[in-house]
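Asker: For reference, the structure I am asking about is given below.
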Amino acid sequence: MEVLKLVHSYLAYVVLAVLFVAVGNAILGMASNRIFNLHKDFRISLFALILSHIQLLIGLILFFVSTSGLKAIQAVGMGGLNSQARLLAVEHPLINIVAIVLITIGWSRHKKFMEGQKKFRSIAIFYGLGLLFILSRIPWAQWWG
Ligand code: HEM
């Protein structure tokens, strides 16, 4: 359990960094109207997709085994959670699942398009929204505290 939490905590830096790079790259690609490159653009976006899915899996396990997840809800009930506990047990898990669904949609959509411009736009919008969702519900105080 402790080791999973540690992995989730360190992988968070990598996931956030790679998502930033993928979104930045997609915005620059859109702005310069260049072709979507298999060696660079495809790989960066796929890498961000895979890492966020690994983080999702670890998060899901944590939700069931950690005392800050489901057990916290069961102990005091939804209404009994203070804002910090609610962030960990409810908001962070829910919002991150939505974020990763958005990222997955962005990935699937980009594959349907032929034009680089549309591929970049799909990644920029959906990965960008996903990243904002994730950032909005990071338990910063616990992570850096
Ligand atoms: C890309 C998505 C995600 C990122 C960047 C992320 C990041 C983090 C960070 C930084 C922490 C604090 C770790 C610490 O205190 O050292 C945390 C805790 C936690 N996360 Fe995530 N997370 C993500 C997705 C998820 C998902 C999808 C779930 C569940 C479905 C989840 C469940 C949890 C739980 C239960 C904790 C509290 C663990 C504990 O304190 O015992 N996370 N997450």
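Taken together, the values in this text are just the output of simple stated rules run on the coordinates, not laboratory data. Note that the coordinates shown come from a computational prediction; the quantities given were computed from them, not determined experimentally. Reconstructed Cβ throughout: ideal geometry from the backbone, glycine too, with neighbour counts over all protein chains shown.
Asker: Between residue 108 and residue 65, take the C-beta separation as r, use R0 = 41 Å, and let me know the FRET efficiency to the nearest 0.05.
Answerer: On the way: r = 30 Å, r/R0 = 0.74.
Efficiency for this residue pair is about 0.85.
Asker: Let me check I have the definition right: for the chain, take the eigenvalues of the Cα gyration tensor, multiply each by 5, take square roots. What are those semi-axes in whole Å, largest first? Walk me through the numbers on the way to the answer.
Answerer: On the way: eigenvalues 216, 37, 29 Å².
So the equivalent ellipsoid measures 33, 14, 12 Å along its semi-axes.
Asker: What per residue convex hull volume, in Å³, do the alpha-carbon atoms of segment 27-103 yield?
Answerer: Cα convex hull per residue, to the nearest whole number: 100 Å³.
Asker: Here's something else I'd like to know. Could you work out how far the C-alpha centroid of segment 31-91 sits from that of segment 1-30, in angstrom?
Answerer: A separation of 10 Å, based on Cα centres.
Asker: Could I have the simple spin-label model distance between residue 31 and residue 74, label points 7 Å from Cα toward Cβ, reported in nm to one decimal?
Answerer: Here the answer is 5.0 nm between the modelled labels.
Asker: Hey, another quick one. What residues of segment 73-87 lie in the reach of a label at residue 5, counting those whose backbone N is under 18 Å from a point 7 Å from the Cα along Cα→Cβ?
Answerer: Only 73-76, 82-87 fall inside the zone, counting backbone N under 18 Å.
Asker: Moving on to the next point. Show which lysines lie in cross-link reach of residue 119 when reach means a straight Cα distance below 17 angstrom and same-chain residues fewer than eight apart are skipped.
Answerer: Those lysines meeting the cut-off are 40, 111.
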